[in-house]
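Working notes for the structure below.
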Amino acid sequence: MRHLLSAKDLSHDEAVLVLDTAAQMAATQAREIKKLPTLRGRTVVNLFFEDSTRTRISFETAAKRLSADVLNFSAKGSSVSKGESLKDTAQTLQAMGADAVVVRHQSSGAPHRLAHAGWIDCPVINAGDGTHQHPTQSLLDAFTIRRHLAGGAGDLAGLHVTIVGDVLHSRVARSNVELLTTLGARVTLVAPPTLLPVGVESWPATTSYHLDDAVADRPDAVMMLRVQRERMSSAGGGFFPSGLEYSRLYGLDQRRLDALPDHTIVMHPGPMNRGLEISAAAADSPRSVVVEQVANGVAVRMAVLYLLLAGAQATAPADDETRVLA
Ligand code: CP
């Protein structure tokens, strides 16, 4: 694996390797001293053209926990406002010694262009591009599901994950459908017809317009998606009549929460629109793993940085390696 651009790039065994490596990284994060010397002397550049809280901070934390130097670039306040291109921005950062570039961009395909245009010569990690892909989000989601529902090892064979909401604009949904099915899970997408993309029937998932039916189908995990108002022309953008109507038909409220099987976990990639796609009761309930998803993001991103930067061979660090490195 030279870059991580899409969840589709990962084979079953590569995905399991990332999750196994993340499990080892997570174990090191339970120690008093969390820092490993693995990437000492390496520089990771966070190149963020679009807003982020969780992804940017957790990549920064992950790189620092591996002892890498981190350069944070945010398009706001940079020479991008003077018209500087992605190519020139990237080459400027490479000239400052980048060993890996983590990129979030509002345009689908920007990380692919960065990786393959020959502008820079280091691994590129997609931290979310347009409505296309967010592979590390799907890895942290798979890691969280595996911990709760698959004993923390192996793949997700036999599990049923229901993804609900604004699938049309969601790179999280696209990445999760790819990765979860690669790992053996069954995926159901639930959304109003207006928020399902053209061609969704060719995805490896079943679709439904009815959340109550999907709840009655007893999923093992329910992943609520954020309604992405910033990608709609107005509040509902013509995609649904009103927020009230949307939350009545597609929101995870107390009644639906109570109808889920006891073991079912509730997920959300964040940021959440409380009261729209998810009620406060669901977001804060004991079955919610939303905060845990964020914590797992650090371990998963440590694993990705480790596998892309620390060695040519895609192998998990030996137990004694992570022990000794501490
Ligand atoms: N889940 C996610 O990508 O969150 P941020 O936009 O805060 O990074």
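Suppose each label sits 7 Å from its Cα in the direction of the beta carbon; what would the residue 12-residue 218 distance come out to in nanometres?
2.5
Under a 5 Å amide H to amide H cut-off, with H placed in plane at 1.01 Å, what residues pair with residue 288 once short-range neighbours are removed?
Answer set, sorted by chain and number: 266.
So for 74, 288, fewest C-beta neighbours within 10 Å to most, what's the order?
With the sparsest Cβ surroundings first, the list reads 74, 288.
Using only the Cα atoms of the chain, each taken as one equal point scatterer with no solvent, compute I(q) by the Debye sum, divide by I(0), and report log10 of the ratio at q = 0.06, 0.12, 0.13, 0.15 Å⁻¹.
-0.20, -0.81, -0.95, -1.23
Return the tail of the calculated pair distribution for segment 77-187, meaning the percent of Cα-Cα pairs more than 20 Å apart.
Details: 3079 of 6105 pairs.
Percentage above 20 Å: 50.
What FRET efficiency comes out for residue 200 versus residue 78 if R0 is 35 angstrom and r is the Cβ-Cβ distance? Round to the nearest 0.05. It would help to have the intermediate numbers written out before the result.
Details: r = 36 Å, r/R0 = 1.04.
With a Förster radius of 35 Å, E is 0.45.
If you take every DSSP beta bridge whose two residues both sit in the chain, what share of them, in percent to the nearest 5, is antiparallel?
Working: 1 of 35 bridges.
Close to 5 percent.
Based solely on its DSSP helices, what 222 nm [θ] is calculated for the chain when runs of n ≥ 4 H residues each add -39,500 (n - 2.57) and the sum is averaged over all residues, nearest 500 deg cm²/dmol? Let's see the in-between values first.
Details: 12 runs with 124 residues, N = 326.
Here the helix-only value at 222 nm equals -11500 deg cm²/dmol.
What list do you get for 120, 125 if you sort them by fewest beta carbons within 10 Å?
Details: 120 19, 125 25.
In increasing order of surrounding Cβ atoms, one gets 120, 125.
Among 180, 260, what is the fewest-to-most ranking by other Cβ atoms within 10 Å? Can you show the working numbers first?
Working: 180 28, 260 22.
Neighbour counts put them in this order, fewest first: 260, 180.
For the chain, what's the relative contact order in percent, using C-alpha pairs closer than 8 Å and at least 6 residues apart?
Details: 619 pairs, mean separation 74.5, N = 326.
In percent, rounded to a whole number, it is 23.
Among 169, 98, 131, whose Cα sits farthest toward the positive end of the charge dipole of the chain (+1 at Cβ of Lys/Arg, -1 at Cβ of Asp/Glu, about the Cα centre)?
Looking along the dipole axis, the top candidate is 98.
With +1 on the Cβ of every Lys and Arg and -1 on the Cβ of every Asp and Glu, and nothing else charged, how large is the dipole of the chain about its Cα centre, in debye rounded to the nearest 20? Intermediate results must be reported in sequence, preceding the final value.
Working: 32 positive and 34 negative charges, 150 e Å.
Dipole magnitude for the chain comes out near 720 debye.
Since every read-out is calculated from the coordinates, none of them should be taken as a lab result. Since this is a predicted model, take the numbers as computed values, not measurements. Positions of Cβ are generated from backbone atoms using ideal geometry, with glycine treated the same way; all protein chains shown enter the neighbour counts.
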